[in-house]
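The values are calculated or read from the model by the stated rules, or taken from the named source; none is laboratory data. It should be emphasised that the depicted structure is a prediction, and the values quoted were computed from it without experimental measurement. Note: ideal-geometry Cβ built from the backbone for every residue, glycine included; neighbour counts use all protein chains shown.
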Amino acid sequence: MTVVDSVDVSDICDDVDEVAIFDDEPGRYRARAFVEDDAGMMDETLVDLTDYPAVVAVCRRAFDVRDRIIFEPRPTWSPDDADDAVGI
């Protein structure tokens, strides 16, 4: 998974500083939110970007891709969790 593009949204959102899109698979991209910490490093934050329509609008205009971009958070469930769910 690689970063395809990113956009600074700190001027329009207090909770997110930057949004980057990653190529999840061919023809499908996932937007992920990042915040800057006190040391100037970017850390991913798990927010639902669809709760920030202005951020989504800016990103759609700024990202130079034509394929689908997913703005919902990544699923936190994985197939490994299935064992725990059925008590195995």
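Can you name the residue in the stretch 34-66 that is at pLDDT below 85 and loosely packed, with under 11 Cβ neighbours inside 10 Å and is also nearest to ASP14 (Cα to Cα) among such residues?
Applying the filter and picking the extreme gives ASP64.
Would you check which residues across the stretch 1-17 are in a strand (DSSP E or B) and surrounded by fewer than 18 Cβ atoms within 10 Å (Cβ to Cβ) and list them?
Residues satisfying the conditions are VAL3, VAL4, ASP5, VAL7, ASP8.
Take the residues in the stretch 37-50 that are in contact (Cβ under 8 Å) with a residue 12 or more places away in the chain and in a strand (DSSP E or B); name whichever of them is farthest from PHE71 (Cα to Cα).
For the stretch 37-50, the residue satisfying everything is MET42.
Would you tally the residues in the stretch 21-33 being surrounded by fewer than 20 Cβ atoms within 10 Å (Cβ to Cβ) and of a type in the set (Gly, Ala, Ser)?
Number satisfying all stated conditions: 1.
Looking at the stretch 57-70, which of its residues are free of Cβ contacts under 8 Å to residues at least 40 places away in the same chain and within 12 Å of SER6 (Cα to Cα)?
Scanning the stretch 57-70 gives ARG60, ARG61.
Check whether at least one residue in the stretch 24-36 is over 20 Å from ASP67 (Cα atoms), more than 8 Å from the chain's Cα centre (by Cα), in contact (Cβ under 8 Å) with a residue 40 or more places away in the chain and assigned to a loop (DSSP other than H, G, I, E, B), and report yes or no.
Taking every residue of the stretch 24-36 in turn, none turns out to be over 20 Å from ASP67 (Cα atoms), more than 8 Å from the chain's Cα centre (by Cα), in contact (Cβ under 8 Å) with a residue 40 or more places away in the chain and assigned to a loop (DSSP other than H, G, I, E, B).
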